[in-house]
Structure formats: C-alpha cells, structure tokens
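Peer 1: Sharing a structure below in structure tokens format, with a few things to ask.
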Amino acid sequence: QVQLVESGGGLVQAGGSLRLSCAASRRIFSSYGMGWFRQAPEKEREFVAAISWTGCTRNYADSVKGRFTISRYNAKNTVSLQMSSLIADVTAVYYCAADRSGWGRNSGDYGYWGQGTQVTVSS
C-alpha cells in the first residue's frame, strides 16, 4: 500500500509561484511513476505532469509547459511540482498519484492517490 500526502497549497497572487510536495509512505517509491493532476470546481480531473521512476522522463500538459516543473527525490520518497507564472485558471485541488507501471496522462492508470491540496490563484 502506498500512501501519499500532498502539501504546499495555498493562496497566491496571479504571476506568483508555488511549490507543491508529495510525500510517499513506502520505500519502493522509486519504482513508481508519479503524477500530478488537478480538479477545478465542476470540472473533470485533468493531467498536469508526470515523471518516470528514475526522473529522467517528464510529461507535461500543454497548458503548463514552461511554467511547471515536476521533480522527484527518491531518497526522500517525495515528488514536487514547482509552479510559476500562475494564472487564475489554475485554481484547483491538486492531487499527487502513483502508478506502478508507468507515468502516463490517464488518471485511470494511477492506483494510488493523495487527498489533494487546494491551490487558489487570485487575480
């Protein structure tokens, strides 16, 4: 069982930056692909970014490319999402997720999810 706990969410002004972190409870974290997803009110959950087991491969949604960076620190069982140049439409609950077999864009492939952390961007 993998338990994921997100942190770092909050209120930030448009144009600002925020760093989300996700701590995993299990030591085999290094063998899981990790992803970040978000869900805004009355919208479906959508892919944001994902990173491979080794950290060598990263995928990003087109809407966040160049502004968000996903990183992982296997020695500390953590994955982060650095967000910059934030705009109001990124306001959502951000979820960390773990996939034992890959690091894709499909939320259905991820078997483990955190509880989410709220990110609110004020204009």
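The values are calculated or read from the model by the stated rules, or taken from the named source; none is laboratory data. This one's a predicted model, so the numbers in the text were calculated from it and none came from an experiment. So basically every Cβ, Gly included, is an ideal-geometry build from the backbone, and we count neighbours across all protein chains shown. Remember, those area values only see protein heavy atoms, side chains included, never the ligands or the DNA or RNA. Shrake-Rupley method; radii C 1.70, N 1.55, O 1.52, S 1.80 Å.
Peer 1: Report the paramagnetic label zone for residue 75: residues of the range 3-23 whose backbone N is under 19 Å from a point 7 Å from Cα along the Cα-to-Cβ axis.
Peer 2: Counting backbone N atoms under 19 Å from the label point, the list is 22-23.
Peer 1: With a 1.4 Å probe and all protein chains left in place, how much of the accessible area of the chain comes from carbon and sulfur atoms, in whole percent?
Peer 2: 46
Peer 1: Sticking with this one: Would you list 87, 70 from the most to the least accessible area, probe 1.4 Å? Please list the in-between numbers first.
Peer 2: Working: 87 75, 70 0 Å².
So the residues, ranked largest to smallest area, are 87, 70.
Peer 1: Moving to a separate point now. Find the relative contact order for the chain and round it to a whole percent, using C-alpha pairs within less than 8 Å whose residues are 6+ positions apart.
Peer 2: Values: 316 pairs, mean separation 44.7, N = 123.
Taking the mean separation of contacting Cα pairs over the length of the chain, I get 36 percent.
Peer 1: Quick check: pseudo-label points 7 Å beyond the Cα along Cα→Cβ at residue 52 and residue 85, how many nm apart are they?
Peer 2: Calculated label separation equals 2.6 nm.
Peer 1: Please give the length that would be gained between residue 123 and residue 3 if that part of the chain were fully extended, namely 0.36 nm times their separation in residues minus their C-alpha to C-alpha distance (nm, one decimal).
Peer 2: Numbers: separation 120, 0.36 × 120 = 43.20 nm, distance 3.39 nm.
Extra length available between residue 123 and residue 3 comes to 39.8 nm.
Peer 1: Also: As I understand it, the dipole of the chain uses +1 on the Cβ of Lys and Arg and -1 on the Cβ of Asp and Glu, about the Cα centre. Which of 53, 80, 92 lies farthest toward its positive end?
Peer 2: After comparing all options, I get 53.
Peer 1: Mind giving me the nanometre distance, one decimal, between the label points for residue 45 and residue 101, set 7 Å out from Cα along Cα→Cβ?
Peer 2: Those two pseudo-labels are separated by 1.8 nm.
Peer 1: Next question, about the same structure. What do you get for Rg/Rh of the range 72-121 when both radii come from the Cα atoms and Rh is the Kirkwood radius?
Peer 2: The Rg/Rh ratio comes out at 1.00.
Peer 1: Please identify every one of the trypsin sites (Lys or Arg not before Pro) in the range 9-58 that sits in a loop by DSSP and has no more than 11 other beta carbons within 10 Å of its own beta carbon.
Peer 2: 43
Peer 1: In the Gaussian network model of the chain, springs joining C-alpha atoms below 10 Å, which of 35, 66, 102 carries the largest mean-square fluctuation?
Peer 2: In the Gaussian network model the winner is 66.
Peer 1: While we're looking at this one, here's another question. With a cap of 11 neighbouring Cβ atoms within 10 Å, and only residues DSSP puts in a loop, list the GluC sites (Glu not before Pro) found in the range 22-123.
Peer 2: For GluC sites (Glu not before Pro) across the range 22-123 that sit outside H, G, I, E and B with at most 11 neighbouring Cβ atoms in 10 Å, the list reads 42, 44.
Peer 1: While we're looking at this one, here's another question. Cα gyration tensor of the range 1-59, axes a ≥ b ≥ c as square roots of the eigenvalues: rounded (a/c below 1.5), prolate (a/b > b/c) or oblate?
Peer 2: prolate
Peer 1: A further question follows. Each label point is 7 Å from the Cα along the Cα-to-Cβ direction; what then is the distance between the points at residue 31 and residue 61, in nm?
Peer 2: 3.1
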